[in-house]
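*Asks:* Input: one structure, supplied below.
The values are calculated or read from the model by the stated rules, or taken from the named source; none is laboratory data. Bear in mind the structure is a predicted one, so any value in this text is a computation, not a measurement. Cβ: placed from backbone, ideal geometry, glycine included. Neighbour counts: every protein chain shown.
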């Protein structure tokens, strides 16, 4: 770990089929999903950044395409879990995770973990929030279940109708989760790695959410300028604050809306930005970030 490093993660959520995930969406077919996952993998391979790539699977995706993900796992590509609760064991669970009480969340997370491990034959220490929904109890439950890394949404979300999705005040760089409140840093043995988002207020993905480095953005010069601004502003803030884990997280999904051209541009610019700020670019998995945090005494 060093303050002259820039850590790069490329994290892609693999959803259930769209027909079985009405709230969050997903690919039209499993063939579409596989084609997109392989396209994403090839882009990272061509850029020499395969170590940065990770897929975060719903149990549905793991069960539908186990050989695909086992093969990628064998290549060294990291796998996490992202349950997408309204699409989990559809239609048994019809609400986002943070809308269930603690006991219900515990049971849902246990079942998701069970399905994931049964499908793939291995476990993961990384859990991704689904649809940005969590409650004050979620982080503690994840620790109970053995998770060490948590991917919450980035800061700045303000959905006034959904307190479970609000992220105003969230620390934008890796931090330890709190047992007291979902937006606080605390002392839990759980490293949170928020999505890299626009911190300036200039770019909106929706009425209540800042934009990010997702590949589903329109292919345009405006999108490329947004990527440059998001990457530069996050690096600058990390350097100004002196955080030991200055990181950029590029994101997307296993659908046809996830555009390879955008992924390639973001990867190219992260490399360019690292050179501009005189930083060593380090492609890394969520588990790798956790190891770096431990070495830094950050967790």
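Condition check ((1) over 23 Å from residue 174 (Cβ atoms); (2) in contact with a helix residue (DSSP H, G or I) (Cβ under 6 Å, 6 or more places away or on another chain); (3) modelled with pLDDT of 95 or more) across all residues:
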{"residue": "19", "(1), (2), (3)": "yes, no, no"}
{"residue": "23", "(1), (2), (3)": "yes, yes, no"}
{"residue": "30", "(1), (2), (3)": "yes, yes, yes"}
{"residue": "38", "(1), (2), (3)": "yes, no, yes"}
{"residue": "50", "(1), (2), (3)": "no, yes, yes"}
{"residue": "62", "(1), (2), (3)": "yes, yes, yes"}
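*Asks:* Next question. Considering only region 162-187, how many residues are touching a strand residue (DSSP E or B) at 6+ places or on another chain (Cβ under 9 Å), within 17 Å of residue 97 (Cβ to Cβ) and in contact (Cβ under 8 Å) with a residue 40 or more places away in the chain?
*Replies:* 0
*Asks:* Now for a separate question. Residue 16 is checked against (1) over 19 Å from the mean Cα position of the chain (by Cα); (2) part of a loop (DSSP other than H, G, I, E, B); (3) under 17 Å from residue 255 (Cβ atoms) and fails just one. What number does that condition carry?
*Replies:* (1)
*Asks:* If you go through region 133-150 one residue at a time, do you hit one that is closer than 26 Å to residue 293 by Cα and in a strand (DSSP E or B)? Full working, then the answer.
*Replies:* Taking region 133-150 first, the residues closer than 26 Å to residue 293 by Cα are 133-150.
With in a strand (DSSP E or B) added as a condition, the list becomes 149-150.
Within region 133-150 (the criterion being closer than 26 Å to residue 293 by Cα and in a strand (DSSP E or B)), the answer is yes, since at least one residue qualifies.
*Asks:* Take the conditions touching a residue at least 24 places away in the same chain (Cβ under 8 Å), in a loop (DSSP other than H, G, I, E, B) and either surrounded by fewer than 18 Cβ atoms within 10 Å (Cβ to Cβ) or under 20 Å from the mean Cα position of the chain (by Cα) (or both) and apply them to residue 244. Does it pass? Break it down stepwise before answering.
*Replies:* Working: touching a residue at least 24 places away in the same chain (Cβ under 8 Å): yes; in a loop (DSSP other than H, G, I, E, B): yes; either surrounded by fewer than 18 Cβ atoms within 10 Å (Cβ to Cβ) or under 20 Å from the mean Cα position of the chain (by Cα) (or both): yes.
Here the answer is yes, as residue 244 does meet what is asked.
*Asks:* Does region 126-161 hold any residues that are surrounded by fewer than 19 Cβ atoms within 10 Å (Cβ to Cβ) and touching a residue at least 60 places away in the same chain (Cβ under 8 Å), and which are they?
*Replies:* Within region 126-161, none qualify.
*Asks:* Continuing with this model, one more query. Quick one: is residue 207 more than 16 Å from residue 271 (Cα to Cα), in contact with a strand residue (DSSP E or B) (Cβ under 7 Å, 6 or more places away or on another chain) and in a loop (DSSP other than H, G, I, E, B)? Write out each step before concluding.
*Replies:* Values: more than 16 Å from residue 271 (Cα to Cα): yes; in contact with a strand residue (DSSP E or B) (Cβ under 7 Å, 6 or more places away or on another chain): no; in a loop (DSSP other than H, G, I, E, B): yes.
So residue 207 fails the test.
*Asks:* Also, I was wondering about something else. For region 211-229, what are the residues that are out of contact with any helix residue (DSSP H, G or I) (no Cβ under 9 Å at 6 or more places or on another chain) and touching a residue at least 24 places away in the same chain (Cβ under 8 Å)?
*Replies:* Result: 226, 229.
*Asks:* Right, here's the next one. Here is a list: 116, 122. Which entry is closer than 20 Å to residue 54 by Cα, touching a residue at least 24 places away in the same chain (Cβ under 8 Å) and crowded, with 22+ Cβ neighbours inside 10 Å? Lay out the reasoning, then the answer.
*Replies:* Working: 122 fails: crowded, with 22+ Cβ neighbours inside 10 Å.
That would be 116, the only listed residue that is closer than 20 Å to residue 54 by Cα, touching a residue at least 24 places away in the same chain (Cβ under 8 Å) and crowded, with 22+ Cβ neighbours inside 10 Å.
*Asks:* In addition: Among the listed residues 250, 235, which satisfies the condition of being in contact (Cβ under 8 Å) with a residue 12 or more places away in the chain and within 25 Å of residue 57 (Cα to Cα)? Working first, answer last.
*Replies:* Values: 235 fails: within 25 Å of residue 57 (Cα to Cα).
Only one candidate qualifies: 250.
*Asks:* With (1) part of a helix (DSSP H, G or I); (2) touching a residue at least 40 places away in the same chain (Cβ under 8 Å); (3) more than 27 Å from residue 172 (Cα to Cα) as the list, and residue 90 as the residue in question, which single condition is left unmet?
*Replies:* The single condition residue 90 does not satisfy is (1).
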